[in-house]
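Down below is the structure, laid out as structure tokens.
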Amino acid sequence: MRDRAYFVYMLASGRHGTLYVGVTNDVFRRVAEHREGAVPGFTRRYGVKQLVRYEEHADIHDAIAREKTLKRWRRDWKIALLEKENPRWNDLYPELAG
């Protein structure tokens, strides 16, 4: 990861479960907040805690534009994108935690 990186991330409640797309400058911290239920709203309400995909961007404007694009996508398109890189919907958070 670079010093100035921004991330678009996708969380899931489980395989083929509820999906959530977000943007952050610290994917490890932000996903930890979702996992701990510290973020009120959608992810806490629906138990969306597994990090199943993320991508890095050097520019915050690019990251925000990508997040907005993905949020507008149909569910099946999001699933196809996710399954290209993570076909088993593995939780990537432990990998980040090292």
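Sub-6 Å Cβ pairs linking a first residue in segment 1-15 that is in a loop (DSSP other than H, G, I, E, B) to a second residue that is of a type in the set (D, E, K, R) and modelled with pLDDT of 95 or more, at least 6 apart or interchain, are 5/56, ordered by first then second residue.
Among the residues of segment 26-62, the ones that are of a type outside the set (D, E, K, R) and under 12 Å from the mean Cα position of the chain (by Cα) come to 11 in all. Counting only helices (runs of 4 or more DSSP H) that sit wholly inside segment 24-98, those with at least 3 residues that are closer than 12 Å to residue 12 by Cα are 27-36, 42-46, 75-85.
Selection of segment 33-55 for residues being touching a residue at least 24 places away in the same chain (Cβ under 8 Å) and either within 19 Å of residue 75 (Cα to Cα) or of a type in the set (A, V, I, L, M, F, W, C) (or both) yields 43, 46, 47, 48, 49, 50, 51, 52, 53, 54, 55. Looking only at residues in segment 40-54 that are surrounded by 15 or more Cβ atoms within 10 Å (Cβ to Cβ) and of a type in the set (A, V, I, L, M, F, W, C), the one that is farthest from residue 91 (Cα to Cα) is 48.
The values are calculated or read from the model by the stated rules, or taken from the named source; none is laboratory data. None of the values given here were measured: they were computed from a predicted structure. All Cβ positions, glycine included, derive from the backbone under ideal geometry; neighbour counts span all protein chains shown.
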